[in-house]
Structures are given as C-alpha cells and as structure tokens.
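A quick write-up on the structure given underneath.
The values are calculated or read from the model by the stated rules, or taken from the named source; none is laboratory data. Because the structure is a prediction, the values reported are computed rather than measured. Cβ atoms come from the backbone with ideal geometry, glycine included; neighbour counts cover every protein chain shown. Accessible surface is based on the protein model in full, side chains and every heavy atom, while ligands, DNA and RNA are left aside. Shrake-Rupley method; radii C 1.70, N 1.55, O 1.52, S 1.80 Å.
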Amino acid sequence: MRHDEKAGANPAAITRDWCVEQDQTDPLADFRDAFLIPDGVIYLDGNSLGAMANAAPGHAARVVEREWGADLIRSWNNAGWFDLPTSLGDTLAPLIGADAGEVVVTDSVSVNLFKLLWAAADMRPGRRKIILEGSNFPTDNYVAQGVAAARGLEVVLVERDAIADAIDADTLAICITHVHYKTGHINDMAALTARAHAAGALAIWDLCHSAGALPVDLNGCDVDFAVGCTYKYLNGGPGSPAFLFVPRRHIATARQPITGWWGHNAPFAFDKGYTPAPDIRQFLTGTQPIVSLSLVGVGLDLMRAADMARVRAKSIALTETFIALVEQRCAGHGFTLASPRNVDERGSQVSFAHADGYAIMRALIDRGVIGDFRAPDIVRFGFTPLYVRFADVWDAVDVLAEVMDSGAWRDARYAEREAVT
C-alpha cells in the first residue's frame, strides 16, 4: 500500500509491519529527528501544543545569555529584536498563502481578533451582525461578544451548515475557524468568503488548527483578515505569540483600536499624537515578548523546510489509519467517530465521542499515549506529520485497546478532573 492510497479502506491489511514499512519510505521521516519526543511517549497532542524542536533550547540560551546577557539593549538593533514581528511574519506568510508585508507575529489570538473585528466594524458602518460558528472554540465567540457590546453590534451564533444562509445585508463580517477545534471539520474558506463578499460583508478566518497542518491560501480565497497561533502545528512553544493577516488591499483603510507605540509610524519620535504606521506594523501595539517571540522562528524554519503537499498527504494517511484501527480493534467499546469521515473535510486530527472520554484519556496519558479531552465527551488525537510515525499510530491503538479491554479507565483516580484537560 502506497502513501497516496487510503490506509483506512482495508483495516485488515494494516499490521505493525506495514506501519513500519510506511515509516521507512516516508519522505518526511527525517523531520522526526528534529524534535524531542521523550522515550516511552506517543505524542498525539500537537494540535494543542506542538513538540519542542531540538534546536529550541540552544536558540533560547543564545537569546538569553548572549543577546540579552552580553549584548544587552544593543540587541534591539544588532540581533534584529525590533523587527522580529515583521520578519517572522514574512517567514510565516507562504505557509498560509499570504505575501510578505501582510503578516505580523504578535500578541495572542484573542487580542489580534479583537483588533480585526473592531477594524471590520469600522469598515462596514451601519451593519450590525457578526456571524460565528456557535460550537467553535469559545474565545472567538467571547471576543466577538466583547466587541459587539462595545460597538452596539449583534453576535449571531449558528452551526456549520447554517453559516452561508445566515449571511445577509446586515452582516458586517463572518468570523469562522478554518478547522473546528473539537471535531476537526474543515470549513470551506473559498465558498464562505465568496458568500460573505456577495453580501458586502468581510471574511475573517481563524487558522489555529490549520496553519502548518494543511495548505492554506488566504489570498487565493480573497480573505479579508485572519488570525492564528504558533504553538500548535507551528511548534513555537507554549503560549508563543500569535499572528494576524491583513492583505495589502486593506492596509490603507483598516485601523486597529489598540494604538500603542509599536504601531506608530515613528515610535522613537515620541510624538504626543498617534499616527499609524503605513504598513502591517500598525497592527502592533506594545513592546514584544522577545524570548518567546524569537523561539517562533525555530518552528517556522522547520515548517518552511517541509513540503506542505507531503505534510497534508501524510496527515490524511495517518488519520485514516488511526480511524480504521480504532474502529476495528475497539469495536463494541462505545466509541463514535466525531470527526468527518471524508478526508477532504477533516483536518489533521481525529476525535471520537465516548461517555467516559475523560477517564479514558487520563488512562491513556498515564500509559504514555498523550492526546486530550474536550467536554463533554470528546477524546481528541492530533497527528503532526513532521514527528508522528505510522508505528506510533499502531502502538497508540494497541494501548487504547488494552485500556478498554481491561477496564483500566475505570480506576477511580481517573474521574478526578485536572485543571487542564
């Protein structure tokens, strides 16, 4: 069976030896050595926090010890600290179908989305509705609600199949996540953006679960604004700064509300009044977190070295294999596939619903298979093609089958909820 065939089509043909053979011929196999994956761990949570690149500790030490410790404030110029948000943005841009000068790495997704929603409201005066997917990751909905309360607008929450029909002449923007955080379903960026534009509305996209996992073409889809994080498939580190996208056609008219000194046209002129920078820099606000910001570059360099078509092909093969094995080897244990079965509608994750999902995931993590849980009943597994192997998929399902067959998940300690699930 080749990589371009659907492994899930014939689960009986999938053996561990077959998985090892796929790893031996995998064109992305060498990237695994660029990451630290602890012994005894099968890491299937890169859709929540990407694994650490082996180059990250040395890079962090250089920034802290040499650039900060030895060179001190001179590093704002000599080490390029001041330009990091835009230089990293230019590095990231090709991964999401953007051009140089259209992306900046800064702040958090929530802060960046606030900026873009506010700008969108100014660009569509007289319109009141912001449309979001109701079951989407809540922070987008919360931020939209805050903007709406401040601006006298209305947030409309609908589900996936109703988004297009909800767009009307009173819609100022749709704000949609490209890949749903819980189920992994892919929303049709081109079609929904075109539908929004036909109604005179703007299209804002959240790329948190797609950037670095599958091809994204913001300019090809004529997207108006986008946000995303760097700590999932882009492997920038825990809480690493997010990014935002503004196409050149909107730079002159879009205005963000958090007008700090880094977004000023001449920040070191120290003018009393605010004049926005004439380019993507106007979407910056305050002084940047240089240590964490600099680590983003380590992950981006690895992603830029990979072929995104190969990344997507392997992602499909990994998820197809996982689904086939779970449904074969864990049949009768109450799992229901919550992710789309159609590979063209599924991102780089697989989610199953189970009434006792939390306890099951805790039992898996104790045995070295790390995924995560999303309330009320979703066990979620992420497949980062740069470091997840086919043999990992086989071994993970092996552990899951043992947990279910033995009833290990029923241990009372697994019912106790931890702060982060």
- Query: How big is the range 56-100 by the Kirkwood estimate over distinct Cα pairs, in Å?
  - Reply: 11.7 Å
- With every protein chain present, what is the per residue accessible area of the chain (1.4 Å probe, Å²)? 40 Å²
- Run through the DSSP bridge list for the chain and note the antiparallel percent, rounded to the nearest 5. 50 percent
- Task: Report the trypsin sites (Lys or Arg not before Pro) located in the range 209-301 that are in a DSSP loop and have at most 16 other Cβ atoms inside 10 Å of their Cβ, or state none.
- Result: Arg255, Lys272
- Item | Of all accessible heavy-atom area on the range 68-108, the percent that carbon and sulfur account for (1.4 Å) | 55 percent
- Expressed as a whole percentage, what fraction of the accessible surface of the range 214-299 belongs to carbon and sulfur atoms when a 1.4 Å probe is rolled over the protein heavy atoms? 60 percent
- Task: Sort all Cα-Cα distances of the range 323-394 into consecutive 10 angstrom bins from zero, then give the percent of pairs in each bin up to the one containing the longest distance.
- Result: 18, 55, 27, 1
- Here the range 293-366 gives, from Cα atoms, an Rg and Dmax in Å of 16.0, 48
- Task: Report ³J(HN,Hα) in whole Hz for each residue of the range 244-251, in order, from the Karplus equation J = 6.51 cos²θ - 1.76 cosθ + 1.60 where θ = phi - 60°; Gly and Pro get x.
- Result: 9, 10, 9, x, 4, 5, 9, 4
- All Cα pairs of the range 153-236, percent lying beyond 16 Å: 51 percent
- Message: Give me the percent of accessible area attributable to carbon and sulfur for the range 353-421, probe 1.4 angstrom.
- Response: 50 percent
- For Asp224, other-chain or 5+-apart residues with amide H closer than 5 Å (H placed, Pro excluded) are Ala203
- Item | Neighbour-limited loop hits for GluC sites (Glu not before Pro), the range 368-421 (at most 11 other Cβ within 10 Å; DSSP other than H, G, I, E, B) | Glu416, Glu418
- Query: Helix hunt in the chain: which complete DSSP H runs extend at least 18 Å axially by C-alpha with mean Kyte-Doolittle at least 0.5?
  - Reply: 109-123, 290-305, 390-406
- Query: Helix-derived [θ] at 222 nm for the chain: sum -39500 (n - 2.57) over DSSP H runs of at least 4, divide by residue count, nearest 500?
  - Reply: -10000 deg cm²/dmol
- Task: Could you work out the local net charge near Arg151, counting Lys and Arg as +1, Asp and Glu as -1, over the other residues with Cβ closer than 15 Å to its Cβ?
- Result: +3
- Just the projected area, averaged over all directions, of the convex hull on the alpha carbon atoms of the chain: how many nm²? 21.3 nm²
- Out of residues 5 or more away from Arg346 or on other chains, whose amide H comes under 5 Å of its own, with H placed 1.01 Å from N in the peptide plane? Ile186
- Query: Quick one: Cα convex hull volume of the range 104-173, Å³ per residue?
  - Reply: 89 Å³
- Note on the structure: Checked the range 100-223 against the a/c 1.5 cut and the a/b vs b/c comparison, axes a ≥ b ≥ c from its Cα gyration tensor; verdict rounded
- Note on the structure: Calc'd 3J(HN,Hα), the range 32-41, phi into Karplus 6.51 cos²θ - 1.76 cosθ + 1.60 (θ = phi - 60°), Hz, glycine/Pro = x, comes to 3, 5, 7, 10, 8, 10, x, 4, x, 10
- Note on the structure: Expressed to two decimals, the range 1-134 has a Cα Rg over Rh, using the Kirkwood radius, of 1.10
- Two-decimal ratio, the range 267-421, of alpha-carbon radius of gyration to 2.2 N^0.38 Å: 1.43
- Message: Can you tell me which lysines have their Cα less than 20 Å from the Cα of Lys182? Leave out same-chain residues fewer than eight positions away.
- Response: Lys232
